[in-house]
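The values are calculated or read from the model by the stated rules, or taken from the named source; none is laboratory data. All figures in this text were calculated on a predicted structure; none of them were measured in a lab. Here the Cβ is made from the backbone with ideal geometry for all residues, glycine too, and neighbour counts use every protein chain on show. Please note that ligands, DNA and RNA were not included when accessible areas were found on the heavy atoms of the full protein model with its side chains. Shrake-Rupley method; radii C 1.70, N 1.55, O 1.52, S 1.80 Å.
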Amino acid sequence: MSTAVAKQTNLPSSSLERLSTWSFHNLIEIDMAWVDDVKCIIPSNELLQLQKLERMTVYNCRNVEEVFEVEAMEGTNSEESQTLVQIPNLTQMELKGLDRLKYIWKSSHHERTVLLEFPNLTTLFIVGCKSLEHVFTSSMVGSLQQLQDLHILLCSNMEVIVKEEEERECDAKVKQTVMFPCLKSLKLERLFSLKAFWSGNDDFPFPSLHTLEITQCPKLTVFTKGGISILELKDGMLFGKN
């Protein structure tokens, strides 16, 4: 098994670009901690090499601003449209103590950028990422159709979990139901700036949800603007704002 274990003492680069291409190609697990001179974990020109990656843990890297870079990849023709890249085997991601994290990856409707898909990601934990204001945009949700467990804790500037994009309001092709069809467990804890789960005006259904835990989110007054029926949730739900 190939594992990238990055520590401050042995990874003096500004990103993981100095790992060789074959190393990315064979990576199954990334475990990165206490690396202070990294702003981006995975540069865009290495995204296609992550076919075997199954797990990613990044914690206490104070200057990380994004996990996956989605700028135009090297060799992309200027006339080409967006490039779809799947990371097919990634099932678990944990991001902890990333003080400057702004994006897991940026969503973009501009040409010559990368569209990411995580078809088998089931577990996402985000803890102590105080610069993160939202986790997903509406266009990103469709890339995470197998997500089952979402736990977000101690992100002090988090205002919304899923943010509606302005482009979506005018784009009929994207005007479809936004949802996590397989989400079973959602836990939101100590998000003191959180105002809503979903900022759009449409409904955001949770057909598989059986556990909802909301703790110490004092500004959360509307879960979704489209409304959510508590009676539709199955056994195991716990709701508390204080």
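Before moving on, here are some points about what is shown:
- Nitroxide proxy distance, nm - points 7 Å out along Cα→Cβ at residue 193 and residue 71: 2.5 nm
- Listed residues 68, 192 arranged by accessible area, highest first, probe 1.4 Å: 192, 68
- Across 52/184; 163/219; 39/219; 39/163; 39/184, pairs whose alpha-carbon gap is larger than 28 Å: 39/219; 39/184
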